């Protein structure tokens, strides 16, 4: 099986690295060597499935040519905001997905419609099927953009530890592990139960929580998510 990844930027390269047991060719405008992958500068590439890892405007400007080359083959778009209705004008079998550059390490992939699952099954990732295309649009911020937001907060936690005298490498490691643990606890218990289990009366945790509540952190996260899905 051969996969053509149209777009050799950060996401395109991450998708290539996530592929398992298939041949991969990366298509990009200017030739450059990308690890051990085959690289082409022309869209005239035969493949069994096509992944679109382009910016929306670049996808739109190349959509007709991609449709001509792909023919009956499935085209899975990772481009934000380019809907199936628009794709069907030029592409016979369009599908949509959303992920982020951590896909090479097993990051979640959201897809729509459900049939898309079989076209991304060789990626080293968990697949989440969206109930509608509108839900997939929401995944632009939740999956596609949110890692960048969270990295900011991770960095702030790291800086807080450094301020208290912890070395940078250790502070960064502990902050990352703390966020990893928080995700597991949140999935298991939810917010209220997690706080009840961790925070003790008159303890240090509740003091920190009150400081978070008094600052506009939650408002900033919501606004960031809203802006990320506006196209």
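The values are calculated or read from the model by the stated rules, or taken from the named source; none is laboratory data. This structure is a prediction, so every number in the text was calculated from the model and none was measured. Note: ideal-geometry Cβ built from the backbone for every residue, glycine included; neighbour counts use all protein chains shown.
Listing for the model above:
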item	result
Selection status of residue 111, at pLDDT 95 or above and within 16 Å of the chain's Cα centre (by Cα)	yes
Total residues in the range 1-15, condition surrounded by 23 or more Cβ atoms within 10 Å (Cβ to Cβ) and either more than 14 Å from the chain's Cα centre (by Cα) or outside the structural domain of residue 67 (by TED's automatic domain parsing) (or both)	5
Output for the range 124-145, where each listed residue is in contact with a helix residue (DSSP H, G or I) (Cβ under 9 Å, 6 or more places away or on another chain) and either in a strand (DSSP E or B) or in contact (Cβ under 8 Å) with a residue 60 or more places away in the chain (or both)	124, 125, 127, 128, 129, 138, 140, 141, 142, 144, 145
Search result, residues across the range 8-34 that are in contact (Cβ under 8 Å) with a residue 40 or more places away in the chain and in a strand (DSSP E or B)	19
Single match in 153, 173 (criterion: modelled with pLDDT of 80 or more, surrounded by 14 or more Cβ atoms within 10 Å (Cβ to Cβ), within 20 Å of the chain's Cα centre (by Cα) and not in a loop (DSSP other than H, G, I, E, B))	153
Filter result for residue 102 (part of a loop (DSSP other than H, G, I, E, B), farther than 17 Å from residue 119 by Cα and within 14 Å of the chain's Cα centre (by Cα))	no
Among (1) farther than 19 Å from residue 16 by Cβ; (2) surrounded by fewer than 19 Cβ atoms within 10 Å (Cβ to Cβ); (3) modelled with pLDDT of 95 or more, the one test that residue 81 misses	(3)
